[in-house]
1. Report whether or not Arg56 is more than 16 Å from the chain's Cα centre (by Cα) and surrounded by 11 or more Cβ atoms within 10 Å (Cβ to Cβ).
2. Would you check which residues across the stretch 45-63 are out of contact with any His (no Cβ under 9 Å at 6 or more places or on another chain) and at pLDDT below 95 and list them?
3. Of the residues Ser105, Ser71, Ser101, Ser93, which is under 18 Å from Ala185 (Cβ atoms) and in contact (Cβ under 8 Å) with a residue 60 or more places away in the chain?
4. Only one of Ala28, Ala87, Ala23 is closer than 26 Å to Ser187 by Cβ, aliphatic (A, V, I, L, M) and either assigned to a helix (DSSP H, G or I) or in contact with a strand residue (DSSP E or B) (Cβ under 8 Å, 6 or more places away or on another chain) (or both). Can you tell me which?
5. Might you check whether a residue that is among the β-branched types (Val, Ile, Thr), loosely packed, with under 15 Cβ neighbours inside 10 Å and more than 19 Å from the chain's Cα centre (by Cα) occurs anywhere in the stretch 32-49?
6. Restricting to the stretch 112-140, and then to whatever is closer than 24 Å to Phe182 by Cα, open to solvent by 70 Å² or more (accessible area, probe 1.4 Å) and not in a strand (DSSP E or B), can you tell me which residue is modelled with the lowest pLDDT?
7. What pairs come out if I take residues in the stretch 167-195 that are under 21 Å from Thr48 (Cα atoms) and pair them with residues that are modelled with pLDDT under 90 whose C-beta lies under 7 Å away, six or more apart or interchain?
Amino acid sequence: MAKTGTTTQGLRAAIERSGYYPALVAEAVEAAIGGEAIGSYLVHQETTFDANEVRRHVTVLVLTGTRFIVSHTDEQAADSTSPTPYATTSTESVKIGRISSVVLSRVVANPEKYVPGTPPREVVLTIGWGAVSRIDLEPAACGDPNCDADHGYTGSSTADDLSLRVSEAGDGPDAVRQTLAFAQALSEATADTAR
């Protein structure tokens, strides 16, 4: 489920519609926003299966005039540290100018018949701001199949602080459209700060 919009009341309503600890999520997100006006937001809930347990997770993304706010809330089963189930909520506030990449991957069916304006069946929104980087290394090689020299390593570094997958089948067509709208608003905001 994904919801997007531009008002504080709309954000709270979207969080409540997600049905996932709305009072807890709303309080954390609203505290991070402070008095700033909301430019755009996206609320996305996903359910995962972990061994014999069903776990829920909600991500709330908020764009203000100066910041990009990310909130994650996860539920945990009772364990050795807590005799009752509990939830963990975290928020991160990132200055718009720190966002280094906004990547939107679109999956479309029957690309040979694609009509402009048709929503993709799935989107993956990846946002990087330098908090998390991944380095993938592999042994380097040369073109000689008989060479046994050590050529060191080659690899790539990827900044992907947040990756959010939304599909028509799992989340519905509105969720895909809302993710596209938020991605566009975020891309435009980062373009404005680059000037």
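The values are calculated or read from the model by the stated rules, or taken from the named source; none is laboratory data. Values in this document were obtained by computation on a predicted structure and should not be read as measured data. Every residue, glycine among them, receives a Cβ derived from its backbone with ideal geometry; neighbour counts consider all protein chains shown. The accessibility values were calculated without ligands, DNA or RNA, using every heavy atom of the protein model including side chains. Shrake-Rupley method; radii C 1.70, N 1.55, O 1.52, S 1.80 Å.
1. On the way: more than 16 Å from the chain's Cα centre (by Cα): no; surrounded by 11 or more Cβ atoms within 10 Å (Cβ to Cβ): yes.
Taking the combined requirement at face value, the residue does not satisfy it.
2. Going residue by residue through the stretch 45-63, those that are out of contact with any His (no Cβ under 9 Å at 6 or more places or on another chain) are 49-56, 62-63.
Across the stretch 45-63, the qualifying residues are Phe49, Asp50, Ala51, Asn52, Glu53, Val54, Arg55, Arg56.
3. Ser93
4. Details: Ala87 fails: closer than 26 Å to Ser187 by Cβ; Ala23 fails: closer than 26 Å to Ser187 by Cβ.
Within the list Ala28, Ala87, Ala23, the selection yields Ala28.
5. Kept after step one, since they are among the β-branched types (Val, Ile, Thr), are these residues of the stretch 32-49: 33, 38, 43, 47-48.
Remaining after also requiring loosely packed, with under 15 Cβ neighbours inside 10 Å: 47-48.
Now narrow it down to the ones that are more than 19 Å from the chain's Cα centre (by Cα): none.
Within the stretch 32-49 (the criterion being among the β-branched types (Val, Ile, Thr), loosely packed, with under 15 Cβ neighbours inside 10 Å and more than 19 Å from the chain's Cα centre (by Cα)), the answer is no, since none of the residues qualifies.
6. So the first thing to find is which residues in the stretch 112-140 are closer than 24 Å to Phe182 by Cα, and the list is 114-133.
Subsequent filtering for residues that are open to solvent by 70 Å² or more (accessible area, probe 1.4 Å) retains 114-117, 121, 132-133.
After this cut, where a residue has to be not in a strand (DSSP E or B) as well, the list is 114-117, 121, 132.
Values: Tyr114: 94, Val115: 94, Pro116: 93, Gly117: 90, Arg121: 96, Val132: 56.
Within the stretch 112-140, the match that is modelled with the lowest pLDDT is Val132.
7. From residues that are under 21 Å from Thr48 (Cα atoms), the pairs are Asp171/Met1; Asp171/Ala2; Ala175/Met1; Ala175/Ala2; Thr179/Ala2.
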